[in-house]
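Novice: What follows is a structure written as structure tokens; I'll ask about it next.
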Amino acid sequence: MSLRFSRLFFVALITACAATGALAAGAAKTTKAKAAPKPALPTLVWRGDYATARAVVDDVAKAYEKSGKGRIEVQPFNTVSGLEAVEHGLADVAGSARGSAGGTESDLVFTPVAFDALVMITHPSNAVPNLTAKQLHDIYFGKITNWRDVGGKDAPINLYAVASPGDGVEYSLRRLIFGRGNQPVAAPRLYVNTAKLEEAITLDPNALGVTTLSGVATNSKVRMISVDGVHPSLATVTDGSYPLYTPIYLVTNKNNPKAAQVDAFMDFLHTDQVRALARQHQLVPYADAPQLAANDQARRAKLLSESGLKMPAEEAVPGMQASGH
């Protein structure tokens, strides 16, 4: 072997060894990085009605994760599915536009976090501007069946509703205009949740149904109808002039093994950041409007009196004053 070739072979050997060492070091670093991943954020499962999910939970979940405190897995469907999931440990938090209806729900903790408006919606081509509480009572009871009888065109009122009698929006409306949330109504067109109901109303010029202000405030495919001469808005809910407002609740199970994580999330809901998010979605933070809860009984008595009804025996809306904090 020549001296020149020996030198070249030695240089190549040293270079190869160095490269091998660098690759091994890089592999070791990669292995080390994979062996120590970043700890996953604790996750809570939220399940409930579409109205509450769209209202604020989606944005709150994003803000909560961004804060580094945890993750919220949002599973919107309807009120009853959320309450049953929390009761049986399949979800950690439920969203509901009504308080406890008693029975097994009595073991759950209903925490009011905001006020929303129950709004009557119709197709944009329907020109009826206003309905009274008495007219709503008679429409849902089946006494008024034609738009002509409430100042509209000669056409049938196609009343839409959510199928489940325990749906938060439906239950709360019926409680306000009938005095009991489980009142049967003359609504043959039934849907699994408010999102599907809203979709159907966009296709029917003679439709009428109830949903929430937070859900349709920016939806130009439906039109909100005033009630007793007051248009639903953040301002008219805040001052109590719009009569069909309802608390929005987050519902938890006191026996949940993730109680500490749930408490941390519920505390997060009281931050200025979340309260600002609520207002952006046309919700009134519950703590910002104590007068709405204080005036609830008088408001309900007035609505029922317009239809010749008296207040039921109970003293307050179930769950209205319940709070885990």
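Only the coordinates and a few stated rules stand behind these numbers; no lab work does. Since the structure is predicted, the reported quantities are computational estimates derived from the model, not experimental observations. When we count neighbours, we look across all protein chains shown, and the Cβ atoms used for this are built from the backbone with ideal geometry, even at glycine.
Novice: Could you tell me the relative contact order of segment 117-238? Use alpha-carbon pairs under 8 Å, at least six residues apart, and round to a whole percent.
Specialist: 42
Novice: Across 10 Å bins from the origin, how do the percents of Cα pairs in segment 212-321 run, short distances first?
Specialist: 12, 35, 33, 17, 3
Novice: Need one word for segment 117-238: rounded, prolate or oblate. Basis is the Cα gyration tensor (sqrt eigenvalues a ≥ b ≥ c); a/c below 1.5 gives rounded, then a/b vs b/c decides.
Specialist: Cα axes put segment 117-238 in the rounded bin.
Novice: Round to the nearest 0.05 the FRET efficiency obtained for residue 200 and residue 259 when R0 = 41 Å and r is the Cβ-Cβ distance.
Specialist: FRET efficiency, residue 200 to residue 259: 0.55.
Novice: Also, quick follow-up: Could you run the Karplus curve 6.51 cos²θ - 1.76 cosθ + 1.60 with θ = phi - 60° over segment 97-106 and give me ³J(HN,Hα) per residue in whole Hz, x for Gly and Pro?
Specialist: Values per residue, Gly and Pro as x: 9, 8, x, 5, 9, x, x, 5, 5, 5 Hz.
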